[in-house]
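For reference, the structure is listed below as structure tokens.
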Amino acid sequence: DFGRSSELAFVVEPSDDIAVQEQPLILYCQVEGIQPITITWRKNGVMIVDSENAFMLANGSLYVSRFQRVRGDGSSDEGEYDCMAQNHYGLLVSRKAKIQAATMSDFHIHPQNAVVEEGGVARFQCQIHGLPEPVILWHKNSMPVNTDNERYTLLPKGVLQITGLRAEDSGIFHCVATNIANVKFSREARLTVSGSHSTVYKDPMILVGPENLTLTVHQTAVLECIATGNPRPIVSWSRLDGRPIGVEGIQVLGTGNLMISDLTVQHSGIYVCAANKPGTRVRRTAQGSLIVQAPAEFVQHPQSISRPVGTTAIFTCVAQGEPPPQITWLRNGQILETSDHIKLKNNNSTLSIYGINQADEAIYQCLAENSAGSTQASARLTVLWADGLPSPPQSVRAETVSATTIQVSWEKPLQNTKEIIGYVLHIRKAADPVEMEYQEAVSKSTFQQLVTDLEPSTSYSFYIKAYTSRGASKASEVTVVSTLGEVPAMPSLFIKVINSTTVQATWEPSIKLGQHEGFKLYYRKVHLSQYTGPVLLASNITAYNITHLDASVVYEVKLLAYNQHGDGNSTVRFVSLRETVERTVLNPPCDCMKDEQNNKTSTTGIIIGIHIGITCIIFCILFLMFGYRGRLLICKNVQEQLSTPQIPRSQRSATGLVLNGATRRDRDDRDLNGKQLDMNELERLFPASPSQEQQEKGIMSAHSLSAPHDETQISTLPLDEFSIIEEQPDPLPKNPHASSPAAPAPNHGSANEG
């Protein structure tokens, strides 16, 4: 026994097979491990009892003396077989072997008569179903077709292609299907080769394209593609996804059929057959999909492990295949049921057993299965148990201290306490799975532990184990207790002024609020002691408008969350609406109706504005033209008067005004020979300030007595081109037009002031 594996394992497992009617069948099963080992067989999950027809051989194999697809009682030897091996370590189940009867149906496609011109292509096909897949051969005129002829191509699915037809190819064809179950012949078909080779141009045409195939790895795929045309088209292959087809295991049969040997999953894809006219881009295409399946196989096998009582055992089983396999776990040959301490994760790839005990000791199997096949792997769990370990801790109690704290206490075990090195407290939310459990270590002299950082209003489970250097005791009884509830936390509060009488209070919902039932909102004027409220708001409400406020005072707004345990702390904000009122006064709202009416007349206003603008431009041009002539006259008078002596300020009189250094009398004399300035026009162009009103009156009084003047306009002159001088009355005889003295003018500064 020391030379054997202590773990029960299969050396040979039964495999899929096709049995022949009335012939014997042997299913092999060989096991190694600690004796005694008992082997039994099942068919479709039912135990097989030894009988004259089926019994187990000495080496553990199953022998079926006469395989029958259908027996007289309606039963069948077809089905799924597995063998089971058991010793005192556990029970093991082999993979399932699918046993089918060899059969052959009648032909469901027979070859058809064909008439093809010389140089063309002929194609015959026959199809038949059978297990195993029948081998189809072709006969011409009752003789096997010569496969050495390059123009004759035989495809595995019962297709015969003949290219470059000649007259000697005419004849009678039929196919022969053969497997271990039977041999069958198809109906005959006649091929007639007519005429001579035609030289008429014909576009490329694909007679038969590739069909969709589903095969298993290591099989051979044949993708058919036969094309005609004149000149003879060139057939090429590609993948629709652009990946290269490769060269290994690739072969072209006949004039364009693609054969892929030793298939792998990477060969799966859509294949495109193209028939190209030589030397041009004229082409025809056809496509078909190839799906390659792979039986399940293990990437990582589960490993046998040994674990002390109370610890966790983890088995990992990773399988691959196409399609992806499903994984099932067995415990001693029975489907494993999950529970609080047995969990499956990662699509059943990981088996975790928490808090193991001696009842968990068994053989665990991982079965991986898909449509292409199945496989199994096993591992054994050994639970370590040492004599003399402490008994479980006693009298475990848990008392709630606060909303986040629980105190757990216990008493030491009743037996084997001398080797105890410490205790481990196992903590878990009652609603959480076992894998969410965590532990806290405690010294051997401590019999209570304060567990903190717990969640309010939550149930927790606790149990204790005593540890020695040789292992742990069994778990104590589990005690469950809940933490106290607590009031919600402070909500965050924001205040937004809507208008002069309304503010909006908003707050954010938060997970930190805990189990809150709603909110209470209060508000008041800051100089008052009494609040308005509370306004009760549901827990899903996050905003509330406070209306009918006084804009002249400051308000205090308070918000708190409450639940069945009471009110939480409040959040307080202060708000004033005065600034909003001031902004409203300074920036009154727009009169939307008025703006709308203005918009209606905007087009008319634009047209009127354009006309006014054009009129102003015309008047300005005329004004500048006529004003320029008057400017020349004024400038000439200025030059003539530059030599006139000026009277000192002390000799000036307020009885009259002169322009450009000339006296009133001299000006009157010039009026007789020239043109007089239009004083009204001058007054219009250079309006006097209020301090000059008396001067203007003097000018008007003196000017009203002067001789009639010319109507010539004068242009606007810069101030530095004229001056106003005050003078004393002339002692010479007075001008008859100056009989009315002008009003006195105030002192106006120097003669050059303008």
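The table below lists the values:
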item: Hydrodynamic radius of segment 387-482 per Kirkwood, over alpha carbon pairs, in Å; result: 13.5 Å
item: Inter-site label distance for Asp262 and Gln112 at 7 Å from Cα along Cβ, in nm; result: 4.0 nm
item: Efficiency of FRET from Cβ geometry, Glu32 and Asn149, R₀ 60 Å, rounded to 0.05; result: 0.60
item: Distance in nm between pseudo-label sites at Val299 and Lys157 (7 Å out along the Cβ direction from Cα); result: 3.3 nm
item: Gain on full stretching of the segment that runs from Val11 to Ser570 - 0.36 nm per residue minus C-alpha separation; result: 193.8 nm
item: Segment 104-252: antiparallel DSSP beta bridges as a percent of all, rounded to 5; result: 90 percent
item: Exposure rank, largest accessible area first [Leu344, Leu559; 1.4 Å]; result: Leu344, Leu559
item: For q = 0.09, 0.10, 0.22 Å⁻¹, Debye-computed log10 I/I(0) when each Cα of segment 1-135 counts as one equal scatterer; result: -0.42, -0.48, -1.27
item: Potential lengthening between Thr400 and Arg69 on full extension [0.36 nm per residue; Cα-Cα distance subtracted]; result: 112.1 nm
item: Extended-chain gain in nm, criterion 0.36 nm per residue less alpha-carbon gap, Gln320 and Thr547; result: 74.9 nm
item: Exposure of Lys184 as accessible area (Å², to 10), given a probe of 1.4 Å and all protein chains; result: 40 Å²
item: Probe 1.4 Å, accessible area per residue of segment 104-252, Å²; result: 55 Å²
item: Cα Rg, Dmax, segment 321-463, angstrom units; result: 20.1, 61
item: Solvent accessible area, Å² - His565, 1.4 Å probe, full protein context; result: 80 Å²
item: Heavy atoms of Leu414: accessible area, 1.4 Å probe, square angstrom to 10; result: 140 Å²
item: Semi-axis lengths, Å, segment 104-252, gyration tensor of Cα atoms, sqrt of 5 times eigenvalues; result: 26, 24, 12
item: Rg to Rh quotient for segment 301-384, alpha carbon positions, Kirkwood Rh; result: 0.98
item: Segment 185-290: chymotrypsin sites (Phe, Trp or Tyr not before Pro) in DSSP loop, at most 15 other beta carbons within 10 Å; result: Tyr201
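The values are calculated or read from the model by the stated rules, or taken from the named source; none is laboratory data. These figures come from a predicted structure and were not determined experimentally. Cβ coordinates were reconstructed from backbone atoms using ideal geometry, including for glycine residues, and neighbour counts include every protein chain displayed. Quick note on the areas: whole protein, heavy atoms, side chains included, nothing else; ligands and nucleic acids left out. Shrake-Rupley method; radii C 1.70, N 1.55, O 1.52, S 1.80 Å.
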